[in-house]
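Step one of this worksheet: look at the structure below.
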Amino acid sequence: MKKFKFTLQNVLSLKENMEDNEKMLLMELRNQHNILMEELGVFQNAYADCTQQKREILLTGTTPTQLFQFTQYISEVNKRIALKQDEIDKMLIRIEKQAQVLKEIRTEVKTLEKLKEKQLESYHGKLSKENELLIEEFVANKVS
């Protein structure tokens, strides 16, 4: 009997390659998310530092110009925090979509792998029957 060959091996290989590519893309998106989170942390720290400095100069006394500058800077940092948070929210949506794509491809790969296992079991069953027939023929020829 000829060697076992999965009939959909090319499709399985293609899906496995797609799965690897989608995993890499998901990993890259997660790395980008981590970078965005670090950037957000920098802005939040700047905001906290600046508001603390503003409180301190209010207690010690300041000019209206300096107070206006602190207020403008705090406002700008606040805008950047909001923009960064929007970027993070969009990135999370992209990550969710990518995770769903990966999940679907994994399901397809598992389905093909199960089909391959069933074909292999069928092949082994046919091989066993063929071997049994050969043994029976051999025994029949020896007896006669």
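The values are calculated or read from the model by the stated rules, or taken from the named source; none is laboratory data. Just so we're clear, the structure is a prediction, and the values are computed from it rather than from any experiment. Note that we place each Cβ from the backbone using ideal geometry, even for glycine, and neighbour counts take in every protein chain shown.
Some points to look at:
- Scanning the range 82-111 for residues that are more than 20 Å from L36 (Cα to Cα) and either outside any helix (DSSP H, G or I) or free of Cβ contacts under 8 Å to residues at least 12 places away in the same chain (or both) gives Q100, K103, E104, T107, K110, T111.
- Residue that is nearest to F43 (Cα to Cα) [pool: residues in the range 84-100 that are surrounded by 12 or more Cβ atoms within 10 Å (Cβ to Cβ) and among the aliphatic types (A, V, I, L, M)]: I88
- Cβ-Cβ contacts under 9 Å between residues 6 or more apart (or on different chains), taken from a first residue in the range 32-55 that is on the phi < 0 side of the Ramachandran plot to a second residue that is β-branched (V, I, T) and not in a helix (DSSP H, G or I), are listed as K54/T62.
- Among (1) at pLDDT below 95; (2) hydrophobic (A, V, I, L, M, F, W, C); (3) loosely packed, with under 11 Cβ neighbours inside 10 Å, the one test that C50 misses: (3)
- The single condition among (1) within 21 Å of the chain's Cα centre (by Cα); (2) loosely packed, with under 11 Cβ neighbours inside 10 Å; (3) among the hydroxyl-bearing types (S, T, Y) that T111 does not satisfy is (2).
- Test for K23: is it surrounded by 11 or more Cβ atoms within 10 Å (Cβ to Cβ), within 30 Å of K3 (Cα to Cα) and not hydrophobic (A, V, I, L, M, F, W, C): no
- If you go through the range 1-31 and keep only what is within 23 Å of K114 (Cβ to Cβ), in contact (Cβ under 8 Å) with a residue 60 or more places away in the chain, hydrophobic (A, V, I, L, M, F, W, C) and assigned to a helix (DSSP H, G or I), you end up with V11, L12, M18.
- Any hit, the range 73-81, residues being surrounded by 14 or more Cβ atoms within 10 Å (Cβ to Cβ), within 21 Å of H33 (Cβ to Cβ) and touching a residue at least 60 places away in the same chain (Cβ under 8 Å): no
- For the condition of a type in the set (V, I, T) and touching a helix residue (DSSP H, G or I) at 6+ places or on another chain (Cβ under 7 Å), I135 does not qualify.
- Here is the figure for the range 113-143: residues that are of a type in the set (D, E) and over 30 Å from L12 (Cβ atoms) total 3.
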